[in-house]
Amino acid sequence: MKRQTLSLICSLTISLFLCLAWASLNTVHAQTTPPKITMKLSLTTANVQRGRSVSVSLVLDIPRGYHVNAHDPVSRFALPTKIEVDAPSGIKIGSIFYPRATVRRFTFSKDRLGVYENRAVIRFNIVIPSNLQTGKSEIKARLSYQSCSDEVCFPPQKSEISVSLNVL
């Protein structure tokens with residue numbers, strides 16, 4: 001009976017040790033590896049009549065356990081998320097609307113921080129002048145952001161994405 005009890009205790013101890021080791025490996029991975037943030041730029045319609053406007057969305061998908069600083073990150077030390085839009089001459093870019101931030105505290109800072117988690121959608125409109133030449137065009141968006149885990153922030157990133165537009 002003593003041998004079975006000792007064997008059970010050893011098995012439980014080894015199992016606990018392995019679970020803790022696995023958890024610490026995942027924590028180290030989350031702390032040292034920047035997340036793969038995916039972006040998608042889309043128009044409500046790719047075919048736009050001259051003299052009309054179209055809504056544009058830039059969708060950021062942020063992996064679980066990570067966040068990016070918001071456009072207004074609350075803390076003066078945090079780098080904000082910003083978008084710059086390039087459009088062909090004559091096409092007007094409307095105001096850019098950033099999503100509402102979630103305000104949280106993290107272990108790496110005493111300050112509260114405004115962040116985007118999971119999915120963030122940045123929106124703006126473009127206006128096609130009535131005298132613009134018809135044909136295919138391209139809208140480009142450059143996003144600068146800083147991503148973080150709950151424990152550490154990573155170097156700032158810049159990404160560019162584009163979407164085609166057909167002016168009718």
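Have a look at the DSSP beta bridges in region 34-113 and tell me what percent are antiparallel, nearest 5.
Bridges in region 34-113 that DSSP calls antiparallel: roughly 100 percent.
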Sorted by accessible area (1.4 Å probe), largest first, how do Lys158, Lys82 line up?
Lys158, Lys82
Protein chains only, probe 1.4 Å: how do Phe97, Phe106 rank by accessible area, largest first?
Phe97, Phe106
Other residues with Cβ under 15 Å from the Cβ of Gln157 give, with Lys and Arg +1 and Asp and Glu -1, a net charge of +1
Using a 1.4 Å probe on heavy atoms of the protein chains only, the accessible area for Lys140 in Å², nearest 10, reads 70
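The values are calculated or read from the model by the stated rules, or taken from the named source; none is laboratory data. The model shown is predicted, which means the values in this text are computed figures rather than measured ones. Methodologically, a virtual Cβ is constructed for each residue, glycine included, from the backbone with ideal geometry; neighbour enumeration extends over all protein chains shown. Heads up: the accessible areas ignore ligands, DNA and RNA and are worked out on the full protein's heavy atoms, side chains in. Shrake-Rupley method; radii C 1.70, N 1.55, O 1.52, S 1.80 Å.
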